[in-house]
Amino acid sequence: MSTYSLKLDGPNKQIKPGKLGQNNGKSPQGESFGFTNYYMTWNGKPIVPVVGEFHFSRFSYLHWEEELLKMKAGGVNVVATYIFWNYHEEEEGVFQWGENRNLRHFVDLCAKHRLPLILRIGPFCHGEVRNGGIPDWVFEKPLEIRSNDERYLYYARRLYKQIARQVKGAFFAEGGPVIGIQLENEYMHCGAPQDSWGYKVGVFMSSGNGANEHLAELRRLAEEAGMLPAFFTATAWGGAAVSETDTLPMLAGYAYTPWIPNQPPSGEYIFRDLHVTPAEPVNYDSLEYPVAYCEMAGGMQVSYTARPNVSPESVEAMTLVKLASGSNLLGYYMYHGGSNPRGKHTFLNEYGLPKITYDYQSPLGEFGRVGKSYDRIRSLALFMDAYGEQIAPMGTVLPEGQASIHPEDVESLRWCVRQKDGSGFLFLNNFQDHLDMPARDGIRIELETPQGDVSFPREGTLSLKKDISAVLPFHIEAAGVTVISATVQPLTVLDKNNRRLLVFYAQDGLAPELVLGRKTVAAVSAGGADVKEDERSFVIKPQVGLQHALEAKLTNGETAHIIVLTREEALQLYKFELWGEERLAVSSSRLYVKDERLVSTSEGEASWDVLVYPAVSDKLAASEGALSRGELGLFQRLELQVAEFQPQLEIRHPQERSALIKIGSEWPSHVSDLFLNIAYDGDVAGAYLNDRMITDHIHYGEAWPIGLKEFKDELELGELHLSITPLRKGTVHTFVNQALVERFEGIEIGVFHDIKPIPYYTSALSRSIG
């Protein structure tokens, strides 16, 4: 047995206004937000926001609303987006703001669904776009980019005026969704490939040389154009410039970095106190600002020369490590991937990256693909939503030696605490990028707190499996219940309309235990669970699963229920305001709410369940298929059944490396999309429809998904052509014979293994009153 101990007797985190303390925003509706030096507030209460990056111009405008609602259902409560200059002014003086470039429509949708918005307005953006977003024609001018050169500022002013027209009246103080603006990107830190130069690969444009003076001038231009956000933001890593006034410095966390050859294990999974000691040198006083991330990797875009496969466990672990280390704003780049538009004269991708796809392996990807990290982020977002007011003021306490653990150290247990007044959360991490961490047995953690000693577990030891990260509570009160300690992870809380429900889940390998305090709990009815009592507490070994619920009689005479879900059930849990109150929903299908309808999409399965708590007494109707009702524990079971659909596919292979696919475009009304899941071996692949590339794929070990609803009408007119560029294994001989000549000796691999259609079945549940 290995016992780890920590005494929590230090002072609480000092909370004060900080540099952003006076930079509050207030809407005409009376809503407000502000900042201390440690966290953000909403209507005066501490919060831990979840920010999701979604580039509107990389997705079909016809489906923005659905994707924003999926983001909201996934736990995102602030959206961020780039405005790429060369997408909107590819030709000098000709601005495009329609269709997929319709910024105003995107802003209005964010307003409709109460999603605050941060605009990243450049002029330089990067985002793996050609020239970092600066149009080709700018480089033909006698000017210095990313500087206070008056000729450069002339074009920056013109761009900002155009953007300001699109977002007029949409700022938070005007009742709109736009709360923040980022000027420039990674200024004085890095540039981007100057793709328009064309003579040599790897020539980068300037990273800037004007320091804060240039950022101040850009701010002046933005405000002069009428863009008056409640605050500005700056990417602050790598020693980048950060304005000293009304600017929130924001950080990045990337573990899989194609720009670092032969990358060693990163330091992103080491616990630190980032508020006191940032992970790298920065140009601001970290004690005066909240620790805020705008670019935690939600995945990574593969390039031709570097093809990382980012696991969902890595995204989950990074979120917990950054939260534990003091971050009180967690933003994902990318949260939602997409597709690069094709320019009038060239592709608009950065050299060495796919021409079209910008899927990014993100939680939501190209064509609306839902990835495995989507569920993991949602489960943590539910936790931050339920416990954010408590956790935001809590300081990080590091056991001795934690911050100095080397990333390649696989022996040391990685753990830390966030706490205030002896109440808090224990964080554990057993994931490290580019290394396999061993499973750990015989762990016991003991905390000495002002509210009494706690141990994890109360009796015995813990086991921590490979790649598992976890957060466990101690001396926390929620829904009227005092939780002294638990080896189950808090997920969410319902505490409205005389309903009190605490939801936890059992992490794989962690034996479940709940210790409830007699301070608020008078008795426990636990069904088949094992319960032991002493003068201070109830020690419960709960049964795990939706069908089991504990009932706690509180000392004030009220009742609370406690459920401990399985890990699988936890990853299927959603929380919505729906049909007049706050509800939980559990389903293997994908859920979101639109216009008081619960929209449910099942990937490939024509029958599925949606479990809802509290139960709906009114009559429910399904827009598609048959609906039946049942019960499972506290939850109402809604069973949906639609007709199975067999897509019409005719596949021909003119060559081993090519596939011509005729796809029937007559889909029944309950089929909202049709994905092709393409398993192949090769180097790079492209998809063409009517002689136009619609997406591409650099092979990185995963199947290639293509969603077809965007192209449904075009499918009637022609065949989808899939083409593989083969992977070469052998030797390339180079010699000069009047010209530079290459000869390849070896084998070429380019073959399709499977092309599988997956129908997406959708039905919307609505309530009938009366």
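Given a cut-off of 24 Å, name the pairs among Lys72/Lys466; Lys141/Lys355; Lys26/Lys496; Lys70/Lys372; Lys70/Lys112; Lys13/Lys519 whose C-alpha atoms lie farther apart than that in the structure shown. Cα-Cα > 24 Å for Lys72/Lys466; Lys141/Lys355; Lys26/Lys496; Lys13/Lys519; rest within.
Around the Cα centre of segment 1-106, unit charges on the Cβ atoms of Lys, Arg, Asp and Glu (plus for the first two, minus for the last two) sum to a dipole of about 860 debye. With a cut-off of 12 Å between beta carbons, the residues surrounding Gly52 carry a summed charge of 0, where Lys and Arg count +1 and Asp and Glu -1.
Between Gln14 and Ala643, what is 0.36 nm times their sequence separation minus the Cα-Cα distance? Round to one decimal in nm.
Numbers: separation 629, 0.36 × 629 = 226.44 nm, distance 5.98 nm.
Gain in length upon complete extension: 220.5 nm.
I'm checking a number: the convex hull volume of the Cα atoms of segment 602-698, normalised per residue, in Å³. What is it? Don't skip to the end; give the middle numbers.
Details: hull volume 15.4 nm³, N = 97.
Hull volume normalised by residue count: 159 Å³.
Applying 1/(1 + (r/R0)^6) with r as the Cβ-Cβ distance of Ser628 and Lys756 and R0 = 41 angstrom yields a FRET efficiency of 0.90. For segment 297-316, the residues whose backbone nitrogen is under 19 Å from a point 7 Å from the Cα of Trp259, taken along Cα to Cβ, are 297-310. Projecting the Cα atoms of Gly343, Val321, Ala279 onto the charge dipole of segment 270-346 (Cβ charges, centred on the Cα centre) puts Gly343 farthest toward the positive pole. Remark: the chain carries a charge dipole of roughly 1140 debye about the Cα centre, counting +1 on each Lys and Arg Cβ and -1 on each Asp and Glu Cβ.
For segment 286-314 and segment 328-361, what is the separation of their Cα centres, given in Å? With segment 286-314 and segment 328-361 each reduced to a Cα centre, they are spaced 14 Å.
Once the other residues with Cβ under 11 Å from the Cβ of Phe231 are scored (Lys, Arg +1; Asp, Glu -1), what is the net sum?
Working: positive: Lys19; negative: Asp246.
Once positives and negatives cancel, what remains is 0.
Rolling a 1.4 Å probe over the protein heavy atoms leaves Leu634 with an accessible area of roughly 50 Å².
With all protein chains present and a 1.4 Å probe, how do Ser617, Ser672, Ser147 order by accessible area, largest first? Can you show the working numbers first?
Working: Ser617 115, Ser672 50, Ser147 5 Å².
These residues rank, largest area first, as Ser617, Ser672, Ser147.
The simple spin-label model puts a point 7 Å past each Cα toward its Cβ; for Thr41 and Asp409 those points are separated by 3.9 nm. Looking at the square roots a ≥ b ≥ c of the eigenvalues of the Cα gyration tensor of segment 373-471, which shape do they give, rounded for a/c under 1.5, prolate if a/b is larger than b/c, or oblate? Verdict is oblate for segment 373-471.
Restricting everything to alpha-carbon atoms, can you work out Rg to Rh for the chain with a Kirkwood hydrodynamic radius?
0.97
Rounded to the nearest 5, what is the percent of antiparallel bridges among the DSSP beta bridges in the chain? Don't skip to the answer; put the middle values down first.
On the way: 147 of 190 bridges.
Percent antiparallel among DSSP bridges in the chain is about 75.
So the label point goes 7 Å from the Cα of Ser588 along Cα→C-beta, right? Which residues of segment 505-547 then have their backbone N under 19 Å from it? Answer for this model: 545-547.
Report the extension gain between Asp681 and Asp508 in nm, rounded to one decimal, defined as 0.36 nm multiplied by the number of residues separating them, less their alpha carbon distance. Write out the running numbers ahead of the final one.
Values: separation 173, 0.36 × 173 = 62.28 nm, distance 3.35 nm.
Fully extending the segment from Asp681 to Asp508 adds 58.9 nm.
Within the shell defined by Cβ-Cβ distances under 11 Å, the residues around Asn148 carry a net charge of -2, with Lys and Arg each +1 and Asp and Glu each -1.
Working from label points 7 Å from Cα in the Cα-to-Cβ sense, the Glu92 to Arg342 distance is 2.7 nm. Helix-only arithmetic for the chain: the sum of -39500 (n - 2.57) across DSSP H runs with n ≥ 4, divided by the residue total, places the mean residue ellipticity at 222 nm at -3500 deg cm²/dmol.
For Lys541, a cut-off of 18 angstrom between C-alpha atoms picks up these lysines, skipping any fewer than 8 places away in its own chain: Lys532, Lys553.
According to the square roots a ≥ b ≥ c of the eigenvalues of the Cα gyration tensor, what is the shape class of segment 1-83, taking rounded for a/c under 1.5, prolate for a/b larger than b/c otherwise, and oblate for the remainder? The partial results should precede the final answer.
Numbers: a/c = 2.98, a/b = 1.49, b/c = 2.01.
Taking the square roots of the gyration eigenvalues as a ≥ b ≥ c, segment 1-83 is oblate.
Projecting the Cα atoms of Val79, Asn131, Phe95 onto the charge dipole of segment 78-149, computed from C-beta unit charges around the Cα centre, puts Val79 farthest toward the positive end.
Using only the Cα atoms of segment 215-326, build the gyration tensor, take square roots of its eigenvalues as a ≥ b ≥ c, and label the shape rounded, prolate or oblate: rounded if a/c is under 1.5, else prolate if a/b is larger than b/c, else oblate. Don't jump to the answer; show the numbers that get you there.
On the way: a/c = 2.26, a/b = 1.57, b/c = 1.44.
The shape class here is prolate.
Sorted by average packing, counted as other Cβ atoms within 10 angstrom per residue and highest first, what order do 240-251, 74-85 take?
On the way: 240-251: 21.6, 74-85: 24.8.
Answer by packing, highest mean first, reads 74-85, 240-251.
The alpha-carbon of Lys420 sits under 15 angstrom from the alpha-carbons of these aspartates and glutamates, leaving out residues fewer than 8 places away in its chain: Asp9, Asp273, Glu389, Glu448, Asp453, Glu477.
Tell me, in nm to one decimal, what length is gained between Lys355 and Glu577 on full extension, where the rule is 0.36 nm per residue of separation less the Cα-Cα distance?
Details: separation 222, 0.36 × 222 = 79.92 nm, distance 4.01 nm.
Value of the extension gain: 75.9 nm.
Ordering Gly298, Gln194, Leu8 by the projection of their Cα atoms onto the charge dipole of the chain, which places +1 on the Cβ of Lys and Arg and -1 on the Cβ of Asp and Glu, puts Leu8 at the extreme positive end.
The values are calculated or read from the model by the stated rules, or taken from the named source; none is laboratory data. Bear in mind the structure is a predicted one, so any value in this text is a computation, not a measurement. With ideal geometry, Cβ positions are generated from the backbone for all residues, glycine too; neighbour counts draw on all protein chains shown. Accessible surface is based on the protein model in full, side chains and every heavy atom, while ligands, DNA and RNA are left aside. Shrake-Rupley method; radii C 1.70, N 1.55, O 1.52, S 1.80 Å.
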